[in-house]
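First up is the structure itself, then whatever we jot down about it.
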Amino acid sequence: MSAGVDAYVRSTALMGTVVSMQVIGHCATDTERVARDAAVDRAFEWCREIEACCSRFDPTSEVSRLLHHVGEAVPASPMLFGALRFALALAQETGGAFDPTIGHLMEARGDNIAYRTRAIVNTAADASHETNWRDVHVDADAKTVTLLKPLMLDLGAVAKGLAVDLAMRELRDYTNFAIDAGGDLYLGGTNAMRAPWVVGIRHPREVDALIQTLHVSNVAVCTSGDYERRLSSNAPPDEHHIIDPRSRTTASASISATVIASSAMVADALATAAFVIGGRDGIALLEQHSVDGLIISKSLERFATRGLSRYVGAVAS
Ligand code: AMP
Ligand code: MG
């Protein structure tokens, strides 16, 4: 058995979850240690920047401030522009099964508590009820965003992935590292045992059990599960945080969807979209994007892309 390598790990509460970064390898000198710590600092800083840009729970975020400029073309930061453009394209492709304009609907359903301050957000008064992705326009040349109607964007299905991608750019020179933003992962190189990273996909209905393990290297792995319920405690028990915007009700086709892709933003968004669409059609969406994934239906039926088998380890019974 080969000996393990040093692992440096840091975790912080950010973006409504716990973000952990792990860098594998030994630092021989203080200079190397300082450089590594600074790289991890910069990686966390991206998560803070994404939160400050994309959170609908913070009235001062770039996303929240758009609501003061309805009908105007507002210059957007590269982060907001990149996340929103991708999200709107996916909304169009999925016929609205994925829709980044559901902020008000999420709020009305009880996803309305800012995790840091515990303050209850209330933008409902400013936002109209019947809005969808067609009510937002992005100008690719001018890099502006225009809300055509009063609406609150919800980038909850893309922002964590984007933060992981930006953090990954800070750490990739270290080759072997892992980033975990509450189930949105990027795994670089190999782990402390010099082997591919092993990612366990939680069994959506059994506590402390895995439904699948994946062996991966240099990819993002993102999972959307109905067990990650983030609604207030008075919401009905079968309601959770992923909705089907077409019916404006809790998405019920799936209970878990995992996507493996080279970009965490792509994996994050496609996991949410595949969750909503579910089954064979969800898998067809993933194949269309040339990514791999696994969808678990309500009856625990498994739907997988053709390429998933190359990542598959032991199937938990
Ligand atoms: P995830 O846990 O990555 O699947 O993301 C779930 C988050 O995405 C929710 O908390 C909402 O902020 C947002 N969301 C929920 N349903 C949708 C949807 N159908 N389209 C786009 N974003 C969604
Ligand atoms: Mg997602």
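Here, each number is a calculation from the coordinates, and none is a lab measurement. For clarity, every value in this text was computed on a predicted model and none was experimentally measured. When we count neighbours, we look across all protein chains shown, and the Cβ atoms used for this are built from the backbone with ideal geometry, even at glycine.
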Open item on the list: Just to confirm the filter: which trypsin sites (Lys or Arg not before Pro) across region 95-199 are DSSP coil and have at most 13 other Cβ within 10 angstrom of their Cβ?
Closed with: ARG116, ARG118, ARG194
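Run the numbers on the chain and let me know its relative contact order in percent, using alpha-carbon pairs under 8 Å that are six or more apart.
Details: 661 pairs, mean separation 52.6, N = 317.
Value for the chain: 17 percent.
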Task: Total formal charge among the other residues, if their Cβ is under 13 angstrom from that of PHE303, Lys/Arg +1 and Asp/Glu -1 - done: 0
Task: Nearest-20 debye value, region 1-94 charge dipole, Cβ charges on Lys, Arg, Asp, Glu - done: 120
Open item on the list: Given points 7 Å out from each Cα along the Cα-Cβ axis, report the ARG280 to GLU32 separation in nanometres with one decimal.
Closed with: 5.4
Open item on the list: Taking 25 Å as R0, compute the FRET efficiency from the Cβ-Cβ separation of SER299 and ARG246 and round it to 0.05.
Closed with: 0.70
Open item on the list: If I model a spin label as a point 7 Å beyond the Cα along the Cα-Cβ vector, how far apart are those points for GLU93 and ARG169 in nm?
Closed with: 2.1
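Under 14 Å from the Cβ of ASN218, count the other residues' Cβ atoms, weight Lys and Arg +1, Asp and Glu -1, and hand me the total. All intermediate terms of the calculation are to be shown ahead of the outcome.
Numbers: positive: ARG169, ARG172, ARG310; negative: ASP165, ASP173, ASP292.
Summing Lys and Arg as +1 and Asp and Glu as -1 gives 0.
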- [ ] Using label points projected 7 Å from each Cα along Cα→Cβ, tell me how many nm separate ARG65 and THR213, to one decimal.
- [x] 4.8
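What is the projected area of the convex hull of the Cα atoms of region 11-57, averaged over all directions, in nm²?
3.5
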Open item on the list: Using helices alone, I'd like the mean residue ellipticity at 222 nm for the chain: each DSSP H run of four-plus residues gives -39500 (n - 2.57), total over residue count, nearest 500.
Closed with: -8500 deg cm²/dmol
Task: Sequence-separation-based contact order of region 52-211, relative, with Cα cut under 8 Å and 6+ spacing, percent - done: 21
TODO: Please work out the ratio of the alpha-carbon Rg of the chain to 2.2 N^0.38 Å and round it to two decimals.
DONE: 0.99
Task: Stretchable slack from GLU228 to MET193, in nm (0.36 nm times residue separation minus alpha-carbon distance) - done: 9.6 nm
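By how many nm would the segment from ALA108 to GLU72 lengthen if fully extended, with 0.36 nm per residue of separation less the alpha-carbon distance? Walk me through the numbers on the way to the answer.
Numbers: separation 36, 0.36 × 36 = 12.96 nm, distance 2.56 nm.
Separation in residues times 0.36 nm, less the Cα-Cα distance, equals 10.4 nm.
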- [ ] Once you've got the GNM for the chain with C-alpha springs shorter than 10 Å, pick whichever of SER61, SER299, SER77 has the biggest mean-square fluctuation.
- [x] SER299
